[in-house]
Amino acid sequence: MLYVTTSRKPSQQTRSLARWLARFLSGECENRGKRSLAEIVERAGNAGMKRLLFVYESHGNPSELSFYEEGWLSPVLKIKSVELPEKQSVRLKGELKVVAEGEMGRKMAALFSVEDSAEKDALCLTHPEDASCKDVEMHLSREAVLFTLGGKAVTSIRLAGFGDVIGRE
């Protein structure tokens with residue numbers, strides 16, 4: 001589980017992306033506001049989470065996904081574009097299955113604190129009592145982070161590349 005937060009003054013699109021990531025990954029989402037990194041880490045710890053995901057933006061658009069756990073983790077995921085569901089009524093019950101493509105996909109799975117379902121059985125959001133739900137899949141590759149529901153893409157984060165961690169607050 002990830003504690004997802006935003007840059008200090010996020011745009012609506014950045015807030016929406018952060019909320020969707022928290023929903024897909026069974027995490028919690030919080031707008032950062034004026035809180036310091038130490039305060040955010042403390043709040044995540046109080047919620048029982050060690051790994052944090054920061055959604056940064058540039059010119060009002062999500063631009064970067066940075067991970068933190070007792071220090072900044074590499075690589076930083078540089079965002080090229082984001083497509084989000086138009087409505088909030090997408091049901092996410094079922095199992096989160098992770099498909100990591102290639103070495104970079106496996107590195108990204110480690111950053112998101114998920115495991116490749118090919119290596120281990122499906123994980124995370126199990127609700128077997130609800131037969132009407134479709135499984136959510138998270139596809140991780142050098143080009144994108146893609147979430148599908150019943151085989152249909154619901155959210156995609158196209159990647160521009162990867163970066164190194166630079167000093168942050």
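Looking only at residues in region 126-152 that are under 19 Å from the mean Cα position of the chain (by Cα) and of a type in the set (Ser, Thr, Tyr), which one is modelled with the highest pLDDT?
Filtering region 126-152 for residues that are under 19 Å from the mean Cα position of the chain (by Cα) and of a type in the set (Ser, Thr, Tyr), the one modelled with the highest pLDDT comes out as Ser141.
Scan region 5-59 residue by residue and report those that are farther than 23 Å from Leu96 by Cβ, in a loop (DSSP other than H, G, I, E, B) and of a type outside the set (S, T, N, Q).
Matches in region 5-59: Arg8, Lys9, Pro10, Arg32, Gly33, Lys34, Arg35, His59.
Out of Gly60, Gly27, I need the residue that is in contact with a helix residue (DSSP H, G or I) (Cβ under 9 Å, 6 or more places away or on another chain) and crowded, with 21+ Cβ neighbours inside 10 Å. Which one? Talk me through it step by step, then tell me what you get.
Details: Gly60 fails: crowded, with 21+ Cβ neighbours inside 10 Å.
Gly27 is the lone residue from the list that is in contact with a helix residue (DSSP H, G or I) (Cβ under 9 Å, 6 or more places away or on another chain) and crowded, with 21+ Cβ neighbours inside 10 Å.
Within region 1-16, can you find the residues that are closer than 16 Å to Arg43 by Cβ and of a type in the set (D, E, K, R)?
Once the filter is applied, which keeps residues that are closer than 16 Å to Arg43 by Cβ and of a type in the set (D, E, K, R), region 1-16 yields only Arg8.
Would it be correct to say that Ala122 is surrounded by 13 or more Cβ atoms within 10 Å (Cβ to Cβ) and either of a type in the set (Lys, Arg) or modelled with pLDDT under 90 (or both)? Step through it out loud before you land on a result.
Details: surrounded by 13 or more Cβ atoms within 10 Å (Cβ to Cβ): yes; either of a type in the set (Lys, Arg) or modelled with pLDDT under 90 (or both): yes.
Taking the combined requirement at face value, the residue satisfies it.
The values are calculated or read from the model by the stated rules, or taken from the named source; none is laboratory data. None of these values were measured; they are calculated from a predicted model. Counting neighbours? That spans all protein chains shown, and the Cβs are built from the backbone with ideal geometry, glycine included.
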